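All remarks here apply to the structure that follows.
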Amino acid sequence: MADDRVSVADNRKPIAAPSRALEPEANLPTVRVRSPGLHTFIFKKMVVGPEPGPKPNDGDLVRVIDRDGVPLGFGLWNARSQIPVRLIARGTTPPDTGFWAAKIAEAVSLRRDLLGIEAISDAYRVVHAEGDGLSGLIVDRFADVLSAEVFSLGVYQRIGPLMEQLRSATGTAHYRVHVDQRIAQAEAFAGRPVISEEAPEKVEIRENGIRYRVKFEGGHKTGFFCDQRDNRRDLTRFCRDRNVLDVCCYSGGFGLSALVQGGAKEVTGVDLDEKAVAMARENANLNQVRMGLVHADAFGYMRQMGLNGKDFGVVVLDPPKLIGSRLEMDEGRKKYLDLNTLALGLVEPGGLLLTCSCSGLLPAEEFLGILRSAGRRAGRSARILAVTGASADHPVGLEAPEGAYLKAAWLLVGDRAEEPPPTPTESAPPGD
């Protein structure tokens with residue numbers, strides 16, 4: 001087959017869906033690994049190497065054995081990745097078309113039959129990578145369109161047949177496939193977009209009685225953050241007759257929930273991404289409500305509001321991923337600390353701060369430690385009402401805990417200290 005590992009610098013124009021067969025080869029290559037544990041990721045340091053016989057090409061399905069030759073299962077191989085093997089199936093029977101179809105059917109049934117999500121929304125996560133036994137693939141449904149992110153060369157090579165199976169299982173008409181540039185570089189393949197014929201550039205969805213437009217071109221991730229669905233709903237109980245500030249508002253999800261379902265007196269949304277502000281304005285018009293929207297840096301805006309003596313009954317802080325790799329840990333921690341210090345200073349006594357982190361590398365305990373430090377710096381006491389995560393359509397495998405990336409801390413904020421400390425002066429990235 002053609003080599004998919006062309007330069008990631010190539011143009012990002014859409015291509016026809018790669019269509020490597022889901023049926024296994026008759027004589028599979030074998031890879032020996034040492035002490036892999038239960039995780040689906042097998043990192044480079046754990047790989048002894050291919051065994052004698054057919055040598056694996058990048059993207060191949062391979063048989064995986066341990067150092068003693070005991071069969072462990074089957075995975076997708078990519079020698080250029082820091083994760084050369086992603087386990088797909090355990091046991092001695094190689095995964096075939098029926099295996100993939102069964103995994104997809106199970107994922108769809110979880111959302112449709114057990115969780116009953118379609119009664120409240122036509123936007124939800126259909127496949128959550130390791131949480132659904134489909135490592136390297138994330139798929140969200142938006143009305144009649146499936147929007148996918150791919151994290152693995154092997155999955156990308158098979159994305160055509162996989163998306164056709166998903167389209168059949170969900171009854172949707174279209175799909176769009178995206179590969180983040182950072183993932184394409186890490187996996188060493190081009191990862192050009194894949195778009196089915198006549199797929200729309202935007203759709204309208206509904207969630208808990210609220211309407212949103214999702215624009216795929218230029219949007220973040222798959223186009224809309226389904227993971228915050230339950231948190232958007234739960235926020236509404238705190239908003240009645242209160243002024244609400246939605247920082248890093250993206251397309252206005254929290255702010256619109258506060259207005260349409262929560263009965264907020266006034267809502268202000270802030271985002272550094274001009275396109276996000278335009279989407280939020282369009283969504284407010286779609287729901288026939290008035291929401292104040294500000295195109296501004298989160299740090300600068302909150303700092304100015306503090307200097308003006310402005311406060312809010314509810315503040316929502318939902319920044320983008322501030323820690324994308326272990327090299328960014330120190331800088332990311334500082335940004336979370338500074339953002340939350342500013343946010344705490346804007347909450348009126350007895351008000352609520354809902355503050356979020358979608359950085360999977362930042363453990364929940366450490367995030368709460370950052371919030372305690374922010375409280376001391378801001379001169380504010382606070383009580384934790386709850387710490388929640390993503391909606392249930394984002395299941396987390398016990399063997400892959402990093403799937404629980406989202407942390408949402410609900411803080412009931414107390415009185416101000418008599419002399420609050422000076423505010424931070426850092427600059428924030430675009431919100432999401």
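Taken together, the values in this text are just the output of simple stated rules run on the coordinates, not laboratory data. Since this is a predicted model, take the numbers as computed values, not measurements. Every residue, glycine among them, receives a Cβ derived from its backbone with ideal geometry; neighbour counts consider all protein chains shown.
Helix 274-286 axis versus longest C-alpha principal axis of the chain: approximately 70°, rounded to the nearest ten. Using the alpha carbons alone, the radius of gyration of the chain stands to its Kirkwood radius in an Rg to Rh ratio of 1.00. With the cut-off at under 17 Å, measuring from each backbone N in the range 15-39 to a point 7 Å along the Cα-to-Cβ line of Asp66 picks out 31-39. Within the range 249-345, the trypsin sites (Lys or Arg not before Pro) that combine a DSSP coil assignment with at most 15 other C-beta atoms in a 10 angstrom radius are Lys265, Arg290, Lys310.
For the chain, the longest principal axis of the alpha carbon atoms and the long axis of helix 97-109 meet at an angle near 20°. Listed values for the range 138-152 are Karplus-derived 3J(HN,Hα) couplings in whole Hz (6.51 cos²θ - 1.76 cosθ + 1.60, θ = phi - 60°), namely 10, 9, 10, 9, 10, 6, 9, 10, 9, 10, 10, 10, 10, 10, 9, and x replaces Gly and Pro.
Computed from backbone phi with θ = phi - 60° and the Karplus coefficients 6.51, -1.76 and 1.60, the 3J(HN,Hα) list for the range 27-36 is 10, 7, x, 10, 10, 9, 10, 10, 6, x Hz; x is used for glycine and proline.
Can you compute the helix-only [θ] at 222 nm over the chain? Use -39500 (n - 2.57) per DSSP H run of at least 4 residues, normalise by all residues, nearest 500 deg cm²/dmol.
On the way: 10 runs with 103 residues, N = 432.
It lands at -7000 deg cm²/dmol.
Taking 30 Å as the limit for the C-alpha separation, the pairs Lys202/Lys335; Lys44/Lys215; Lys310/Lys407 exceed it in the case of Lys202/Lys335; Lys44/Lys215. For Lys45, a cut-off of 16 angstrom between C-alpha atoms picks up these aspartates and glutamates, skipping any fewer than 8 places away in its own chain: Asp66.
Computed from Cα positions, the angle between helix 329-345 and the longest principal axis of the chain comes to roughly 30 degrees.
Considering only DSSP beta bridges where both residues belong to the chain, give the percentage that are antiparallel (nearest 5). Walk me through the numbers before you get to the answer.
Numbers: 48 of 75 bridges.
About 65 percent, rounded to the nearest 5.
From Cα pairs below 8 angstrom and at least 6 apart in sequence, can you work out the relative contact order of the range 80-227, rounded to a whole percent?
22 percent
Please work out the FRET efficiency for the pair Lys202 and Glu365, using the Cβ-Cβ distance as r and a Förster radius of 30 Å; give the result to the nearest 0.05. Kindly include the intermediate steps, with their values, before the conclusion.
Values: r = 39 Å, r/R0 = 1.32.
About 0.15, to the nearest 0.05.
Residue by residue, the range 239-246 carries 3J(HN,Hα) couplings of 9, 3, 6, 10, 7, 10, 10, 10 Hz when phi is fed to the Karplus relation 6.51 cos²θ - 1.76 cosθ + 1.60 (θ = phi - 60°); x denotes Gly or Pro. Between the amide H of Ala382 and those of Gly414, distances stay under 5 Å, these residues lying 5 or more places away or on another chain, with hydrogens modeled in the peptide plane.
Normalised by the residues of the range 30-90, what does the relative contact order come to in percent, with Cα pairs under 8 Å and at least six apart? Let's see the in-between values first.
On the way: 132 pairs, mean separation 21.7, N = 61.
About 36 percent, as a whole number.
What relative contact order, as a whole-number percentage, does the chain give when Cα pairs under 8 Å and 6 or more residues apart are counted? Please list the in-between numbers first.
Numbers: 980 pairs, mean separation 56.7, N = 432.
Relative contact order for the chain comes out at 13 percent.
Between Glu23 and Arg372, what is the FRET efficiency for a Förster distance of 51 Å, r being their Cβ-Cβ separation, to the nearest 0.05? Walk me through the numbers before you get to the answer.
Working: r = 54 Å, r/R0 = 1.06.
Approximately 0.40, to the nearest 0.05.
Taking 0.36 nm per residue of separation and subtracting the current Cα-Cα distance, fully stretching the chain between Glu328 and Lys310 would add 3.2 nm.
Under the classification rounded if a/c is under 1.5, otherwise prolate if a/b is larger than b/c and oblate if not, where does the range 30-90 fall, given a ≥ b ≥ c as square roots of the Cα gyration tensor eigenvalues?
Numbers: a/c = 1.31, a/b = 1.08, b/c = 1.21.
Rounded is the answer for the range 30-90, as its axis ratio a/c remains below 1.5.
Fully extending the segment from Ala105 to Arg290, taken as 0.36 nm per residue of separation minus the present Cα-Cα distance, adds 62.5 nm. Would you mind checking the range 171-210 for residues with the amide N under 18 Å from a putative spin-label position 7 Å along Cα→C-beta of Asp234? Answer for this model: 208.
Would you kindly give the portion of the calculated P(r) for the range 97-200 that falls above 22 Å, as a percent of all Cα pairs?
The proportion of pairs with Cα distances above 22 Å equals 26 percent.
Protection proxy ranking of 170-178, 36-44, 341-349, by the mean of other Cβ atoms within 10 Å over each peptide's residues and highest first, is 341-349, 170-178, 36-44. The antiparallel fraction among DSSP beta bridges confined to the range 97-200 stands at about 70%.
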